[in-house]
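**Q** Let me begin by handing over the structure; questions about it come next.
The values are calculated or read from the model by the stated rules, or taken from the named source; none is laboratory data. Note that the structure is a prediction, hence the values are computed from the model and not measured. All Cβ positions, glycine included, derive from the backbone under ideal geometry; neighbour counts span all protein chains shown. Ligands, DNA and RNA are stripped out before the accessible areas are found, and what is left, the full protein with its side chains, is counted by its heavy atoms. Shrake-Rupley method; radii C 1.70, N 1.55, O 1.52, S 1.80 Å.
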Amino acid sequence: MNPDEERLMFNVSYATDSRFKLNVLKTPSGASCDICLLSEWNPLRYGEFIEKEFNKGNTLRCHYFCLLSGGRIPQRGKGYSGIAGFLIRDIRDSIKETRDKICAYCGQHSAPVQCNQDGCDRWYHYVCGYKNYCVTQFSGQFKSYCHVHLPAEQRKVHDTAGVGCEICYDRLPAPGDPECNGVAIIRASCDSDCPAGMYHRECLQRYAYTSGYTFQCPNCYNKEFKHFAALSGIFVPQREAAWEREAGAFKDLQKRRCTAIGCDRAKPGLAGHGLVGCRVCGGAIRHASCTQLADPESYVCTTCQDEQFEKFL
C-alpha cells in the first residue's frame, strides 16, 4: 500500500469519530495490542489501532477487530461508552480469560478468537487468522471460523484465470496461488440481473470504510449486498459516507444549482428544470445536458467515481 492509499484509508476511518473519545494511531507506533499482544498495524486488515485512557493515567490499546472478533467480550455499553460500546472492565476481564490461549498459527499466547465450529478447539489471533484465511462474520453473533471450518461460501474456489477485480481492475490471483481462495477473493451476484463480480477483500473493505450507510453492490447498487459482505468478513461501519462528512457536502442540494464547470445556468435562480443528481450519492446536481451523457440518469459524480471506484459504463 502506498502512502497516498494509507492517507485515504484514514480519511474514511470509523473510530476517529470524535464522539468515541478515542485516540486512533495513524502511523505504526510499535505498541502492542493489549488483547492479542501483537503490534501489527494495518487498519484496513485489522481495524484501527485504538488507545483509550481510563482511570486517570491508564491506557488500553487494541485492534478494533480484536474487540469485534473476541467471542468472550460482551458489548454491554451504550454506543459511545468505553470503546465503541465495549466497557473497559469487560475487555480487561476477557483478556484474563484468554491470556493463556495458544494461537493455532503462530504458537504465541493471548489468542482471543475461537473457531465457532462444534468440536473445533482452535484459538487464534485475529491478525494470524486474517493471514491464514480465517473469517469473522461482522453481523449477528460475529462468529469466527478457522481455515479448516469455513462456511460453504468461503470454501468455494473461483475461476480467476484472466479476471480482474471489479473495483481496482488489477488482475486477481490465478488458480494455484495461495491467495486464490474464497476468503481473499469475494465473489457476488445479488440476483439474476446483477452481473457476477469478484473483488479483492481489501478493495471491498476499503470501499465499505468509505461508504458507511450507503455501502451497496458495486455492480448493481443493491443495498442488501451489505449483509452478504458482512458474512464474508467485510466490516461495514454504521456511519455517514466519507463524502457526506465533508464541510458543505450538501450545499448544492440546498440551492439546487448545477455543479458543472462552465455552466452558464449555474446560478441558483436559473436552476430550473432538467436537473439530475449523481445516481450513487444523489448530490453534485447537474443539468441533464451538462452531464454530456446519452442517458443522464446514469450520471455519477467525480467524487463517487473516486470513492466508490465507479466504472464508466
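**Q** Of all residues in region 49-70, which are within 16 Å of Tyr130 (Cβ to Cβ) and either at pLDDT below 90 or more than 21 Å from the chain's Cα centre (by Cα) (or both)?
**A** Gly70
**Q** Residues of region 48-75 being small (Gly, Ala, Ser), part of a loop (DSSP other than H, G, I, E, B) and buried (at least 23 other Cβ atoms within 10 Å of the Cβ), which ones? Quick ask: steps written out before the conclusion?
**A** Of the residues in region 48-75, the ones small (Gly, Ala, Ser) are 57, 69-71.
Add one more test, that the residue is part of a loop (DSSP other than H, G, I, E, B), and what stays is 57, 70-71.
Gly70 - this is the single residue of region 48-75 that is small (Gly, Ala, Ser), part of a loop (DSSP other than H, G, I, E, B) and buried (at least 23 other Cβ atoms within 10 Å of the Cβ).
**Q** Counting only residues that are modelled with pLDDT of 80 or more and on the phi < 0 side of the Ramachandran plot, give me the helices (runs of 4 or more DSSP H) lying completely in region 200-292 with at least 1 of them. Give the derivation first.
**A** Numbers: elements: 201-211, 225-231, 251-255.
By residue number, 201-211, 225-231.
**Q** For Arg171, all conditions in the list (1) over 19 Å from Leu44 (Cβ atoms); (2) in contact with a strand residue (DSSP E or B) (Cβ under 6 Å, 6 or more places away or on another chain); (3) open to solvent by less than 30 Å² (accessible area, probe 1.4 Å) hold save one; what is the number of the exception?
**A** (3)
**Q** Can you name the residue in region 112-152 that is of a type in the set (A, V, I, L, M) and not in a strand (DSSP E or B) and, of all such residues, is least open to solvent (accessible area, probe 1.4 Å)?
**A** Step by step, filter region 112-152, then rank; the result is Val127.
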